[in-house]
Amino acid sequence: DREWPHIRAGQAWAAEHSAGPEEDDEAAHLCNTYPDAGPACLALRLEPQERIRWLEDALTATRNLADRHAEANHLGNLGDLYAQLGEPRRAIELYEQALAIDRELGDRTCEGEDLGSLGLAYVTLDEPHRAIEYLEQQLAISRELDDRRSQGTALGIPGLAHAGLSELNQAVEYYRQHLVIAR
């Protein structure tokens, strides 16, 4: 609580000095790391619009630094915020940008996360067929990486999508597999 005004001032300083005519790489590095330094704290302290501003500042800074991995991370986090705000179409745009970068970098773990986020966004839009496309890809990647936690996540959401299509046998099969992993 005592440090919060200093944290906000530091982020504002870093954002101001990382863009513009007298761009400072060190300030850009700071601006880039602020949104990731304490996400739980930021979620409690910042209104979503201010968190979006911080992430947009970080996105600008990371593009100036040509840090593609951080750029994809910030795009995905922005997508998550827009999804939370009930703007799944905007979230999808951001997730697709993150997915393109993660594929370019060959980062299969982040690619799987992006695909899962896209699938969930399409579930929210009540477009289960599109959701299933992305979620099946996420599941394939999580199996390829032998990531049991991601496999469990990737199995739960398609169950919802199949249930929404009244494909109950398929939904139950996904839920059964999810339960095995959860146990």
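The values are calculated or read from the model by the stated rules, or taken from the named source; none is laboratory data. Predicted, not measured: the structure shown is a model, and the values here were computed from it. No Cβ is skipped: glycine too gets one built from the backbone with ideal geometry, and neighbour counts run over all protein chains shown. We work out accessible area using only protein heavy atoms, side chains counted, and drop any ligands, DNA or RNA first. Shrake-Rupley method; radii C 1.70, N 1.55, O 1.52, S 1.80 Å.
Details
- Placing a label point 7 Å from the Cα of W4 along the Cα-to-Cβ line, the residues of region 36-57 whose backbone N sits under 12 Å from it are 41-47.
- FRET efficiency estimate (nearest 0.05) - Cβ-Cβ, A43 to E173, R0 22 angstrom: 0.05
- Each residue of region 67-80 was assigned a 3J(HN,Hα) from its phi angle through the Karplus curve 6.51 cos²θ - 1.76 cosθ + 1.60 (θ = phi - 60°); the sequence is 9, 5, 5, 5, 4, 4, 4, 5, 4, x, 5, 4, x, 4 Hz, with glycine and proline shown as x.
- Sorted largest first by accessible area at a 1.4 angstrom probe radius, with every protein chain in place, the residues L81, L168 fall in the order L168, L81.
- Area of I7 that stays accessible when all protein chains are in place (1.4 Å probe, Å², to 10): 60 Å²
- Pairwise label distance in nanometres, D67 with A182, each label 7 Å out on the Cα-Cβ vector: 3.7 nm
- FRET efficiency for E87 and S166, using Cβ-Cβ distance with R0 set to 41 Å, rounded to 0.05: 0.90
- Translational diffusion of region 34-183, µm² s⁻¹ [Kirkwood Rh, Cα pairs; Stokes-Einstein; 37 °C; 0.692 mPa s]: 205 µm²/s
- Principal-axis tilt of helix 48-65 within the chain, Cα atoms, nearest 10 degrees: 70 degrees
- Between region 116-147 and region 17-65, the C-alpha centres lie 29 angstrom from each other.
- Counting every pair of alpha carbons in region 115-183, the share spaced more than 16 Å apart comes to 40 percent.
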